[in-house]
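Reviewing the structure listed below.
The values are calculated or read from the model by the stated rules, or taken from the named source; none is laboratory data. This structure is a prediction, so every number in the text was calculated from the model and none was measured. Because the Cβ atoms are built from the backbone with ideal geometry, glycine has one as well, and the counts that use them run over all protein chains shown.
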Amino acid sequence: MRAMMNVLIVRTSSMGDLIHTLPAVTELKSHYPNIRLSWLAEENFADIPRLHPAIAAVVKFPWRRWRKGLLSAGNWREMSALRQQLRGGDWDLVVDAQGLLKSALPARMSKAPLAGFDWNSAREPLASLLYHKRYRVDRALSAVERNRRLFARVFGYEVSGPPRFGIDRGERPQWAPAEPYVVFLHATSRDSKLWPEDHWIALGRHLGQAICLPWGNATEYARAQRLAAALPLAQIAPRMELREAAGLLGHARAVVGVDTGLTHLANALDVPLAALYTDTDPGLTGVVETAHAANLGHAGACPTVDEVLASLAGHGFTA
(Lines give C-alpha, C1' and ligand atoms only; values in the text may rest on other atoms or scores of the structure.)
Protein backbone atom coordinates (compact mmCIF):
# COMPACT_ATOMS: atom_id res chain seq x y z
CA MET A 1 0.00 0.00 0.00
CA ARG A 2 1.36 3.40 -0.96
CA ALA A 3 1.79 6.18 1.58
CA MET A 4 -1.63 7.76 0.90
CA MET A 5 -4.28 5.38 -0.42
CA ASN A 6 -7.55 7.00 -1.50
CA VAL A 7 -10.52 4.72 -0.74
CA LEU A 8 -14.27 5.10 -1.21
CA ILE A 9 -16.59 3.12 1.09
CA VAL A 10 -20.04 2.39 -0.32
CA ARG A 11 -22.77 1.84 2.29
CA THR A 12 -25.78 3.86 1.27
CA SER A 13 -28.49 2.87 3.79
CA SER A 14 -30.11 2.27 6.22
CA MET A 15 -29.06 4.15 9.37
CA GLY A 16 -28.36 0.97 11.31
CA ASP A 17 -26.36 -0.48 8.42
CA LEU A 18 -24.14 2.59 8.28
CA ILE A 19 -23.58 2.48 12.03
CA HIS A 20 -22.69 -1.22 11.80
CA THR A 21 -19.90 -0.27 9.37
CA LEU A 22 -18.21 2.23 11.71
CA PRO A 23 -16.18 -0.35 13.73
CA ALA A 24 -14.65 -1.59 10.46
CA VAL A 25 -13.60 1.98 9.69
CA THR A 26 -12.05 2.41 13.14
CA GLU A 27 -10.07 -0.81 12.78
CA LEU A 28 -8.93 -0.05 9.22
CA LYS A 29 -7.68 3.39 10.26
CA SER A 30 -5.74 1.87 13.18
CA HIS A 31 -3.84 -0.34 10.74
CA TYR A 32 -3.33 2.33 8.06
CA PRO A 33 -3.32 5.79 9.69
CA ASN A 34 -2.47 7.56 6.43
CA ILE A 35 -5.35 6.12 4.41
CA ARG A 36 -7.88 8.69 3.11
CA LEU A 37 -11.46 7.46 3.44
CA SER A 38 -14.56 8.84 1.73
CA TRP A 39 -18.08 7.40 1.95
CA LEU A 40 -20.99 7.14 -0.50
CA ALA A 41 -24.23 7.33 1.51
CA GLU A 42 -27.91 8.01 1.00
CA GLU A 43 -28.39 11.76 1.49
CA ASN A 44 -30.72 11.29 4.50
CA PHE A 45 -27.98 9.42 6.36
CA ALA A 46 -24.94 11.45 5.29
CA ASP A 47 -24.43 12.74 8.83
CA ILE A 48 -23.69 9.22 10.13
CA PRO A 49 -20.29 8.81 8.43
CA ARG A 50 -19.52 12.44 9.26
CA LEU A 51 -19.60 11.50 12.95
CA HIS A 52 -16.43 9.43 12.45
CA PRO A 53 -13.16 11.42 12.45
CA ALA A 54 -11.58 9.00 9.94
CA ILE A 55 -14.04 9.95 7.17
CA ALA A 56 -12.58 12.81 5.13
CA ALA A 57 -15.55 13.34 2.79
CA VAL A 58 -19.10 12.12 2.20
CA VAL A 59 -20.61 11.75 -1.28
CA LYS A 60 -24.40 11.99 -1.19
CA PHE A 61 -26.44 9.41 -3.10
CA PRO A 62 -30.11 10.50 -3.13
CA TRP A 63 -31.56 7.28 -4.55
CA ARG A 64 -34.67 7.33 -2.35
CA ARG A 65 -35.57 10.73 -3.76
CA TRP A 66 -34.61 9.87 -7.34
CA ARG A 67 -36.70 6.71 -7.50
CA LYS A 68 -39.85 8.77 -6.81
CA GLY A 69 -39.24 10.73 -10.01
CA LEU A 70 -37.10 8.71 -12.41
CA LEU A 71 -38.45 10.68 -15.38
CA SER A 72 -37.52 14.04 -13.86
CA ALA A 73 -34.98 16.00 -15.89
CA GLY A 74 -33.61 17.49 -12.68
CA ASN A 75 -32.97 14.06 -11.24
CA TRP A 76 -31.20 12.94 -14.41
CA ARG A 77 -28.95 16.00 -14.20
CA GLU A 78 -28.13 15.08 -10.59
CA MET A 79 -27.37 11.49 -11.64
CA SER A 80 -24.99 12.74 -14.30
CA ALA A 81 -23.30 15.04 -11.79
CA LEU A 82 -22.86 12.14 -9.35
CA ARG A 83 -21.34 9.98 -12.09
CA GLN A 84 -18.83 12.70 -12.86
CA GLN A 85 -18.05 13.18 -9.17
CA LEU A 86 -17.42 9.46 -8.70
CA ARG A 87 -15.28 9.19 -11.82
CA GLY A 88 -13.25 12.22 -10.75
CA GLY A 89 -12.49 10.87 -7.29
CA ASP A 90 -9.14 9.31 -8.23
CA TRP A 91 -9.95 6.30 -6.01
CA ASP A 92 -7.31 3.63 -5.58
CA LEU A 93 -10.05 1.27 -4.41
CA VAL A 94 -13.81 1.24 -3.84
CA VAL A 95 -15.27 -1.12 -1.22
CA ASP A 96 -18.97 -1.99 -1.41
CA ALA A 97 -19.90 -3.02 2.14
CA GLN A 98 -23.60 -3.35 1.31
CA GLY A 99 -23.68 -6.16 -1.22
CA LEU A 100 -26.75 -5.00 -3.15
CA LEU A 101 -27.26 -4.04 -6.78
CA LYS A 102 -28.30 -0.54 -5.67
CA SER A 103 -24.87 -0.10 -4.06
CA ALA A 104 -22.77 -2.02 -6.60
CA LEU A 105 -24.09 -0.08 -9.60
CA PRO A 106 -23.11 3.40 -8.38
CA ALA A 107 -19.83 1.93 -7.11
CA ARG A 108 -19.05 0.81 -10.67
CA MET A 109 -19.56 4.40 -11.86
CA SER A 110 -16.25 5.26 -10.21
CA LYS A 111 -14.31 3.25 -12.84
CA ALA A 112 -11.96 2.27 -9.98
CA PRO A 113 -11.07 -1.25 -8.76
CA LEU A 114 -14.10 -2.49 -6.83
CA ALA A 115 -14.10 -4.97 -3.93
CA GLY A 116 -16.99 -6.60 -2.09
CA PHE A 117 -18.59 -9.80 -0.88
CA ASP A 118 -18.50 -12.93 -3.04
CA TRP A 119 -21.56 -14.73 -4.48
CA ASN A 120 -22.22 -16.71 -1.30
CA SER A 121 -21.71 -13.73 1.03
CA ALA A 122 -23.52 -10.81 -0.65
CA ARG A 123 -27.09 -10.03 0.34
CA GLU A 124 -27.87 -9.98 -3.40
CA PRO A 125 -25.49 -12.46 -5.08
CA LEU A 126 -25.81 -10.78 -8.48
CA ALA A 127 -24.09 -7.70 -7.03
CA SER A 128 -20.89 -9.72 -6.62
CA LEU A 129 -20.61 -10.07 -10.41
CA LEU A 130 -19.88 -6.34 -10.60
CA TYR A 131 -16.85 -6.55 -8.27
CA HIS A 132 -13.27 -6.97 -9.43
CA LYS A 133 -12.25 -8.58 -6.12
CA ARG A 134 -14.59 -10.78 -4.09
CA TYR A 135 -14.29 -12.03 -0.52
CA ARG A 136 -16.17 -14.70 1.40
CA VAL A 137 -17.59 -13.71 4.79
CA ASP A 138 -19.88 -15.94 6.82
CA ARG A 139 -23.48 -14.72 6.49
CA ALA A 140 -24.30 -16.11 9.95
CA LEU A 141 -22.12 -13.44 11.58
CA SER A 142 -23.61 -10.23 12.94
CA ALA A 143 -23.64 -7.21 10.63
CA VAL A 144 -20.82 -5.54 12.59
CA GLU A 145 -18.57 -8.59 12.36
CA ARG A 146 -19.30 -9.13 8.67
CA ASN A 147 -18.13 -5.61 7.93
CA ARG A 148 -15.03 -5.97 10.07
CA ARG A 149 -14.05 -9.19 8.32
CA LEU A 150 -14.72 -7.81 4.85
CA PHE A 151 -12.45 -4.82 5.48
CA ALA A 152 -9.78 -7.04 7.05
CA ARG A 153 -9.72 -9.32 4.01
CA VAL A 154 -9.72 -6.48 1.52
CA PHE A 155 -6.83 -4.68 3.23
CA GLY A 156 -4.88 -7.67 4.55
CA TYR A 157 -5.00 -7.66 8.35
CA GLU A 158 -6.59 -9.75 11.11
CA VAL A 159 -9.66 -8.70 13.09
CA SER A 160 -8.84 -8.40 16.77
CA GLY A 161 -10.44 -7.16 19.97
CA PRO A 162 -13.99 -5.91 20.52
CA PRO A 163 -15.57 -3.55 17.96
CA ARG A 164 -14.94 0.17 18.49
CA PHE A 165 -17.30 2.61 16.78
CA GLY A 166 -14.94 5.56 17.20
CA ILE A 167 -17.47 8.41 17.09
CA ASP A 168 -17.95 11.36 19.42
CA ARG A 169 -21.21 12.21 21.18
CA GLY A 170 -21.06 15.87 20.14
CA GLU A 171 -22.82 18.72 21.91
CA ARG A 172 -25.79 18.38 24.23
CA PRO A 173 -28.82 20.07 22.58
CA GLN A 174 -29.79 23.34 24.24
CA TRP A 175 -33.41 22.21 24.56
CA ALA A 176 -32.53 18.93 26.30
CA PRO A 177 -33.66 18.59 29.94
CA ALA A 178 -31.35 20.43 32.33
CA GLU A 179 -31.44 17.53 34.79
CA PRO A 180 -30.15 14.01 34.02
CA TYR A 181 -32.53 12.31 31.57
CA VAL A 182 -33.36 8.98 29.92
CA VAL A 183 -34.28 8.70 26.24
CA PHE A 184 -37.16 6.43 25.20
CA LEU A 185 -36.81 5.42 21.53
CA HIS A 186 -40.37 4.19 21.10
CA ALA A 187 -40.67 4.53 17.30
CA THR A 188 -39.71 2.03 14.63
CA SER A 189 -40.49 1.12 11.04
CA ARG A 190 -42.98 -1.70 11.69
CA ASP A 191 -45.76 -2.05 14.25
CA SER A 192 -44.60 -5.60 14.97
CA LYS A 193 -41.35 -4.18 16.38
CA LEU A 194 -43.07 -1.80 18.82
CA TRP A 195 -42.97 -2.19 22.61
CA PRO A 196 -46.40 -1.83 24.27
CA GLU A 197 -47.27 1.67 25.42
CA ASP A 198 -48.27 0.46 28.89
CA HIS A 199 -44.76 -0.99 29.24
CA TRP A 200 -43.20 2.41 28.41
CA ILE A 201 -45.46 4.10 30.94
CA ALA A 202 -44.70 1.56 33.68
CA LEU A 203 -40.97 1.88 33.01
CA GLY A 204 -41.09 5.68 33.06
CA ARG A 205 -43.01 5.76 36.33
CA HIS A 206 -40.54 3.38 37.94
CA LEU A 207 -37.54 5.44 36.80
CA GLY A 208 -39.11 8.61 38.20
CA GLN A 209 -36.86 11.04 36.32
CA ALA A 210 -36.76 13.20 33.21
CA ILE A 211 -37.54 11.32 30.01
CA CYS A 212 -37.06 12.55 26.45
CA LEU A 213 -39.29 11.25 23.65
CA PRO A 214 -38.01 11.64 20.06
CA TRP A 215 -40.34 11.14 17.09
CA GLY A 216 -40.16 11.26 13.29
CA ASN A 217 -43.70 11.36 11.86
CA ALA A 218 -47.28 12.14 12.84
CA THR A 219 -48.01 8.65 14.18
CA GLU A 220 -44.89 8.69 16.34
CA TYR A 221 -45.66 12.21 17.57
CA ALA A 222 -49.14 11.11 18.63
CA ARG A 223 -47.63 8.20 20.57
CA ALA A 224 -45.11 10.56 22.20
CA GLN A 225 -48.02 12.79 23.27
CA ARG A 226 -49.83 9.85 24.87
CA LEU A 227 -46.70 8.77 26.74
CA ALA A 228 -45.93 12.32 27.87
CA ALA A 229 -49.51 12.73 29.15
CA ALA A 230 -49.00 9.69 31.38
CA LEU A 231 -45.48 10.65 32.52
CA PRO A 232 -45.30 14.10 34.14
CA LEU A 233 -41.50 14.27 33.84
CA ALA A 234 -41.48 13.41 30.12
CA GLN A 235 -40.56 15.91 27.41
CA ILE A 236 -41.29 15.53 23.71
CA ALA A 237 -38.21 16.31 21.64
CA PRO A 238 -38.42 18.66 18.66
CA ARG A 239 -37.75 17.27 15.20
CA MET A 240 -33.99 16.63 15.02
CA GLU A 241 -31.19 16.23 12.50
CA LEU A 242 -28.94 13.20 13.05
CA ARG A 243 -26.10 15.23 14.55
CA GLU A 244 -28.50 16.70 17.11
CA ALA A 245 -29.87 13.24 17.86
CA ALA A 246 -26.32 12.03 18.52
CA GLY A 247 -25.88 14.83 21.05
CA LEU A 248 -29.15 13.98 22.78
CA LEU A 249 -28.33 10.27 23.01
CA GLY A 250 -24.68 10.72 23.90
CA HIS A 251 -25.47 12.89 26.93
CA ALA A 252 -28.32 10.71 28.25
CA ARG A 253 -28.07 8.79 31.52
CA ALA A 254 -29.51 5.81 29.67
CA VAL A 255 -31.38 4.90 26.50
CA VAL A 256 -34.16 2.35 26.04
CA GLY A 257 -35.01 1.66 22.42
CA VAL A 258 -36.79 -0.68 20.05
CA ASP A 259 -35.21 -2.04 16.86
CA THR A 260 -34.47 1.23 15.08
CA GLY A 261 -31.51 3.18 13.75
CA LEU A 262 -31.28 5.57 16.70
CA THR A 263 -30.92 2.61 19.08
CA HIS A 264 -27.82 1.55 17.15
CA LEU A 265 -26.57 5.14 17.28
CA ALA A 266 -26.93 5.07 21.08
CA ASN A 267 -24.95 1.82 21.07
CA ALA A 268 -22.17 3.53 19.10
CA LEU A 269 -22.08 6.34 21.68
CA ASP A 270 -21.49 3.88 24.53
CA VAL A 271 -24.28 4.95 26.89
CA PRO A 272 -26.22 2.51 29.14
CA LEU A 273 -28.64 0.92 26.68
CA ALA A 274 -31.44 -1.64 26.68
CA ALA A 275 -32.31 -2.63 23.10
CA LEU A 276 -35.77 -4.20 22.79
CA TYR A 277 -36.56 -6.88 20.21
CA THR A 278 -40.05 -8.30 19.66
CA ASP A 279 -40.07 -9.35 15.99
CA THR A 280 -36.45 -9.61 14.80
CA ASP A 281 -33.34 -11.62 15.67
CA PRO A 282 -30.82 -9.57 17.69
CA GLY A 283 -28.19 -12.21 16.97
CA LEU A 284 -27.86 -10.83 13.44
CA THR A 285 -28.84 -7.17 13.67
CA GLY A 286 -28.85 -6.43 17.40
CA VAL A 287 -26.68 -3.90 19.17
CA VAL A 288 -23.11 -4.81 20.09
CA GLU A 289 -23.39 -6.07 23.65
CA THR A 290 -20.88 -4.37 25.95
CA ALA A 291 -20.48 -3.43 29.59
CA HIS A 292 -23.11 -0.76 28.85
CA ALA A 293 -25.49 -2.38 26.36
CA ALA A 294 -27.66 -5.47 26.04
CA ASN A 295 -30.23 -6.96 23.66
CA LEU A 296 -33.50 -8.06 25.25
CA GLY A 297 -36.15 -10.28 23.69
CA HIS A 298 -36.29 -11.79 20.21
CA ALA A 299 -38.83 -12.65 17.53
CA GLY A 300 -42.05 -13.58 19.30
CA ALA A 301 -40.75 -12.74 22.81
CA CYS A 302 -41.51 -9.27 24.16
CA PRO A 303 -39.18 -8.08 26.96
CA THR A 304 -40.85 -7.25 30.28
CA VAL A 305 -40.45 -4.02 32.23
CA ASP A 306 -38.63 -5.91 34.99
CA GLU A 307 -36.16 -7.31 32.44
CA VAL A 308 -35.42 -3.80 31.19
CA LEU A 309 -34.90 -2.47 34.71
CA ALA A 310 -32.59 -5.37 35.60
CA SER A 311 -30.60 -4.87 32.39
CA LEU A 312 -30.14 -1.16 32.98
CA ALA A 313 -29.06 -1.80 36.58
CA GLY A 314 -26.54 -4.34 35.37
CA HIS A 315 -25.11 -2.01 32.74
CA GLY A 316 -24.15 1.04 34.74
CA PHE A 317 -27.48 2.78 35.34
CA THR A 318 -29.05 3.48 38.72
CA ALA A 319 -32.49 5.08 39.07
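What to note about this one:
- Residue selected from segment 63-89 under the condition among the small types (Gly, Ala, Ser) and closer than 19 Å to Ser110 by Cβ, by the criterion surrounded by the most Cβ atoms within 10 Å (Cβ to Cβ): Gly89
- Filter result (under 27 Å from Ala268 (Cα atoms), assigned to a loop (DSSP other than H, G, I, E, B) and among the hydrophobic types (A, V, I, L, M, F, W, C)) within segment 87-144: Ala97, Leu100, Ala122, Val137, Ala140, Leu141
- Qualifying residue in segment 211-218 (condition: in contact with a Phe, Trp or Tyr (Cβ under 7 Å, 6 or more places away or on another chain), under 17 Å from Leu312 (Cβ atoms), hydrophobic (A, V, I, L, M, F, W, C) and crowded, with 17+ Cβ neighbours inside 10 Å): yes
- Test: residue in segment 117-139 that is in the same structural domain as Gln84 (by TED's automatic domain parsing), in contact with a Gly (Cβ under 8 Å, 6 or more places away or on another chain) and in contact (Cβ under 8 Å) with a residue 40 or more places away in the chain: no
- Output for segment 259-289, where each listed residue is touching a strand residue (DSSP E or B) at 6+ places or on another chain (Cβ under 7 Å) and either in a loop (DSSP other than H, G, I, E, B) or surrounded by fewer than 24 Cβ atoms within 10 Å (Cβ to Cβ) (or both): Asp259, Thr260, Val271, Pro272, Thr278, Asp281, Pro282, Gly286, Val287, Glu289
Table: residues versus (1) touching a strand residue (DSSP E or B) at 6+ places or on another chain (Cβ under 6 Å); (2) in a loop (DSSP other than H, G, I, E, B); (3) touching a residue at least 40 places away in the same chain (Cβ under 8 Å); (4) under 30 Å from Asp96 (Cα atoms).
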| residue | (1), (2), (3), (4) |
| --- | --- |
| Val159 | no, yes, yes, yes |
| Arg169 | no, yes, yes, yes |
| Val182 | yes, no, yes, no |
| Trp215 | no, yes, no, no |
| Arg239 | no, yes, no, no |
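- Residue match in segment 52-68 (condition: modelled with pLDDT under 95, farther than 26 Å from Thr260 by Cα and assigned by TED's automatic domain parsing to the domain that holds Ser142): no
- Residue check for Gly297: crowded, with 23+ Cβ neighbours inside 10 Å, within 21 Å of the chain's Cα centre (by Cα), without any contact (Cβ under 8 Å) to a residue 24 or more places away in the chain and not in a helix (DSSP H, G or I): yes
- Residue check for Arg253: basic (Lys, Arg) and over 22 Å from Thr290 (Cβ atoms): no
- In segment 188-203, residue surrounded by the fewest Cβ atoms within 10 Å (Cβ to Cβ) [restricted to those that are free of Cβ contacts under 8 Å to residues at least 60 places away in the same chain and in contact with a helix residue (DSSP H, G or I) (Cβ under 7 Å, 6 or more places away or on another chain)]: Glu197
- In segment 241-258, the residues that are surrounded by 22 or more Cβ atoms within 10 Å (Cβ to Cβ), in contact (Cβ under 8 Å) with a residue 40 or more places away in the chain and under 13 Å from the mean Cα position of the chain (by Cα): Ala246
- Residue match in segment 8-20 (condition: closer than 16 Å to Arg164 by Cβ and surrounded by fewer than 18 Cβ atoms within 10 Å (Cβ to Cβ)): no
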